[in-house]
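Read through the structure below, which is laid out as structure tokens, and then see the notes.
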Amino acid sequence: KAGVTQTPRYLIKTRGQQVTLSCSPISGHRSVSWYQQTPGQGLQFLFEYFSETQRNKGNFPGRFSGRQFSNSRSEMNVSTLELGDSALYLCASSFLPMKTGWMGGYTFGSGTRLTVV
Amino acid sequence: KNEVEQSPQNLTAQEGEFITINCSYSVGISALHWLQQHPGGGIVSLFMLSSGKKKHGRLIATINIQEKHSSLHITASHPRDSAVYICAVVGGNDMRFGAGTRLTVKP
């Protein structure tokens, strides 16, 4: 079966612009979580969506937002980009959200590498 | 102090050696992941544990809930095992990550 698909793979944006990243989960998975990875901070949790509702959010400013559609595809948006937003953005899908104690596994996408200049 | 600590940060081994990577955490968790990340960024989930031990091929993961500690072992290491290994804990509402262990296996 198809894996988790993230688009685009690479993106270059200018400070002050906004960006939208997309994540298509594995068929049947209804939970999508997003992560930011930088050399300085490592991997950090951004937010999780399940059944079109945000279930929880990490410690990021309001410039970072997301949504999930009825087909479980998710998008994240970053407004007013800053140089420090340059990172690899990863999403992962699972059948159920984290709070349920789901042990059936998570599948990660290959990520979108965002460079802000 | 980070909530998820991994050791060592970097590890170089000769092909065939037995490898151990450690993870200690200070928060309550419902599950612990071991993740593998190759150059280029993609992450693969190797194991998800809530207790005991799991084995997959040459990889073994153990967790001690009372001691809040997990280990990832690689038996008969191979150059293709070279990657960054990341410990992640699920604490109910989010996932928190260790800084990763960069493993290089030399032929």
Of (1) part of a strand (DSSP E or B); (2) open to solvent by less than 30 Å² (accessible area, probe 1.4 Å); (3) at pLDDT below 95, A:Arg55 satisfies every one except (2)
Here's a check for you: in the range B:53-107, which residue that is under 17 Å from B:Gly42 (Cα atoms) and hydroxyl-bearing (Ser, Thr, Tyr) is most open to solvent (accessible area, probe 1.4 Å)?
B:Ser82
Positions within the range A:7-34 being under 18 Å from A:Gly105 (Cβ atoms) and either assigned to a strand (DSSP E or B) or open to solvent by 70 Å² or more (accessible area, probe 1.4 Å) (or both), in sequence order:
A:Cys23, A:Ser24, A:Ser27, A:Arg30, A:Ser31, A:Val32, A:Ser33, A:Trp34
The condition of being within 12 Å of another protein chain (Cβ to nearest Cβ) and over 26 Å from B:Asn2 (Cα atoms) holds, among A:Ser79, A:Ser31, A:Ser72, only for A:Ser31
Taking the range A:35-49 and keeping residues farther than 14 Å from B:Val90 by Cα and either open to solvent by 60 Å² or more (accessible area, probe 1.4 Å) or within 12 Å of chain B (Cβ to nearest Cβ) (or both) leaves A:Gln36, A:Gln37, A:Thr38, A:Pro39, A:Gly40, A:Gln41, A:Gly42
Do any strands (runs of 3 or more DSSP E) entirely within the range B:56-102 hold 3 or more residues that are more than 22 Å from B:Pro39 (Cα to Cα) and either at pLDDT 95 or above or among the β-branched types (Val, Ile, Thr) (or both), and if so, which?
B:59-64, B:69-74
Applying the selection to the range A:77-114, what residues are assigned to a loop (DSSP other than H, G, I, E, B), touching a residue at least 60 places away in the same chain (Cβ under 8 Å) and open to solvent by less than 40 Å² (accessible area, probe 1.4 Å)?
A:Ser79, A:Leu81, A:Pro97, A:Tyr106, A:Gly109, A:Gly111
Determine which member of the set B:Gly91, B:Gly57, B:Gly98 is out of contact with any strand residue (DSSP E or B) (no Cβ under 8 Å at 6 or more places or on another chain) and either in contact (Cβ under 8 Å) with a residue 60 or more places away in the chain or of a type in the set (Ser, Thr, Tyr) (or both).
B:Gly91
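The values are calculated or read from the model by the stated rules, or taken from the named source; none is laboratory data. Computed from a predicted structure; not experimentally measured. All Cβ positions, glycine included, derive from the backbone under ideal geometry; neighbour counts span all protein chains shown. For accessibility, only protein heavy atoms count, side chains too; no ligands or nucleic acids. Shrake-Rupley method; radii C 1.70, N 1.55, O 1.52, S 1.80 Å.
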